[in-house]
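Asks: Provided herewith is a single structure, encoded as structure tokens, for subsequent inquiry.
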Amino acid sequence: MEQLLNIDYSLFEWINHGWQNPFLDAVMPYWRDKESWIPAYLIMIAVLFWKYKLKVLYFLIALVLTVGIADQMSSELIKKTVKRDRPCRESDLNPPAHTLIRCGSGYSFPSSHATNHFAVAVFILLTWARRWNNWKYLLLFWAASISIGQVYVGVHYPIDIISGAILGSFIGYLISLGYRKLEKFRIEEFYTRNDRIKV
């Protein structure tokens, strides 16, 4: 365990200090902020309603369920059980965390940002994005970049985001399986064309 934590601290220092530059300092606080993505979410919902009409409501319910389960498991269950301090609150770090945003009052492990965004990315990857060919894998890059941003701004360690990514991916996968099985409510077009993924 001690060796794993040493690797975690080394990776944190490499990302949080070694990657420092004016461009990332300006961009990352906004890139990792969930509110910055609200316009993109609204556009996504508008496109889905335009193309699939009211049947998209069941898809959105499944998506909200995905985020709700991911957030509750990470924030309420695991974080409050593990109780790991955030790097921005860790006085023993040398050098101290380079913090670009308010530290926040919650615990560090796992990252809820990573859990939630990977849950969303994997759920969409295995449903709507099945029709996007190789472009769908940009969803994973999107989730990973937001997660790494949490390390860059000083509020999470690398192991926090890796664990969150694994947890969120698992949740997104399970909800996508449940959505697929509900043939009466799912958007059938997700599964009838370019059906390359066998679940």
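Asks: Specify which of the listed residues (Ser176, Ser169) is more than 30 Å from Gly18 (Cα to Cα) and among the polar types (S, T, N, Q).
Replies: Of the residues listed, the single one that is more than 30 Å from Gly18 (Cα to Cα) and among the polar types (S, T, N, Q) is Ser176.
Asks: Can you tell me which residue in the range 1-35 is surrounded by the fewest Cβ atoms within 10 Å (Cβ to Cβ), limited to those that are among the hydroxyl-bearing types (Ser, Thr, Tyr) and more than 21 Å from Arg102 (Cβ to Cβ)?
Replies: My answer is Ser10.
Asks: Let me spell it out: the conditions are (1) crowded, with 21+ Cβ neighbours inside 10 Å; (2) hydrophobic (A, V, I, L, M, F, W, C); (3) assigned to a loop (DSSP other than H, G, I, E, B), and Ala114 meets all of them except one. Which number is the exception?
Replies: Unmet condition: (3).
Asks: To continue, here is another question. In the range 42-101, which residues are closer than 21 Å to His113 by Cα and of a type in the set (Gly, Ala, Ser)?
Replies: Ala62, Gly68, Ala70, Ser74, Ser75, Ala97, listed by residue number.
Asks: Exactly one of these conditions fails for Ile69: (1) modelled with pLDDT of 95 or more; (2) of a type outside the set (Gly, Ala, Ser); (3) more than 16 Å from the chain's Cα centre (by Cα). Give me its number.
Replies: Failing condition for Ile69: (3).
Asks: Does at least one position in the range 161-183 carry a residue that is free of Cβ contacts under 8 Å to residues at least 40 places away in the same chain, over 20 Å from Pro96 (Cα atoms) and either in contact with a Pro (Cβ under 8 Å, 6 or more places away or on another chain) or not in a helix (DSSP H, G or I) (or both)?
Replies: yes
Asks: Looking at the range 42-56, which of its residues are free of Cβ contacts under 8 Å to residues at least 40 places away in the same chain and not basic (Lys, Arg)?
Replies: Of everything in the range 42-56, those that are free of Cβ contacts under 8 Å to residues at least 40 places away in the same chain and not basic (Lys, Arg) turn out to be Leu42, Ile43, Met44, Ile45, Ala46, Val47, Phe49, Trp50, Leu54.
Asks: Test of understanding: among Ile69, Ile101, Ile61, which residue is without any contact (Cβ under 8 Å) to a residue 12 or more places away in the chain, of a type outside the set (S, T, N, Q) and either more than 18 Å from His156 (Cβ to Cβ) or surrounded by fewer than 18 Cβ atoms within 10 Å (Cβ to Cβ) (or both)?
Replies: Ile61
Asks: Could I ask something else about it? For Gly106, only one of the following conditions fails: (1) assigned to a helix (DSSP H, G or I); (2) small (Gly, Ala, Ser); (3) surrounded by fewer than 19 Cβ atoms within 10 Å (Cβ to Cβ); (4) touching a helix residue (DSSP H, G or I) at 6+ places or on another chain (Cβ under 7 Å). What is its number?
Replies: That leaves (1) as the condition not met.
Asks: Sort out which residues of the range 35-53 are out of contact with any Asp or Glu (no Cβ under 8 Å at 6 or more places or on another chain) and of a type in the set (Phe, Trp, Tyr), and write them in order of number. Step through it out loud before you land on a result.
Replies: Residues of the range 35-53 that are out of contact with any Asp or Glu (no Cβ under 8 Å at 6 or more places or on another chain), as a first pass: 35-51, 53.
Result: Trp37, Tyr41, Phe49, Trp50.
Asks: Right, another one. Does Ile61 satisfy the criteria of being over 28 Å from Ile175 (Cβ atoms) and among the β-branched types (Val, Ile, Thr)?
Replies: For Ile61, the condition - over 28 Å from Ile175 (Cβ atoms) and among the β-branched types (Val, Ile, Thr) - is not met.
The values are calculated or read from the model by the stated rules, or taken from the named source; none is laboratory data. Note that the coordinates shown come from a computational prediction; the quantities given were computed from them, not determined experimentally. Because the Cβ atoms are built from the backbone with ideal geometry, glycine has one as well, and the counts that use them run over all protein chains shown.
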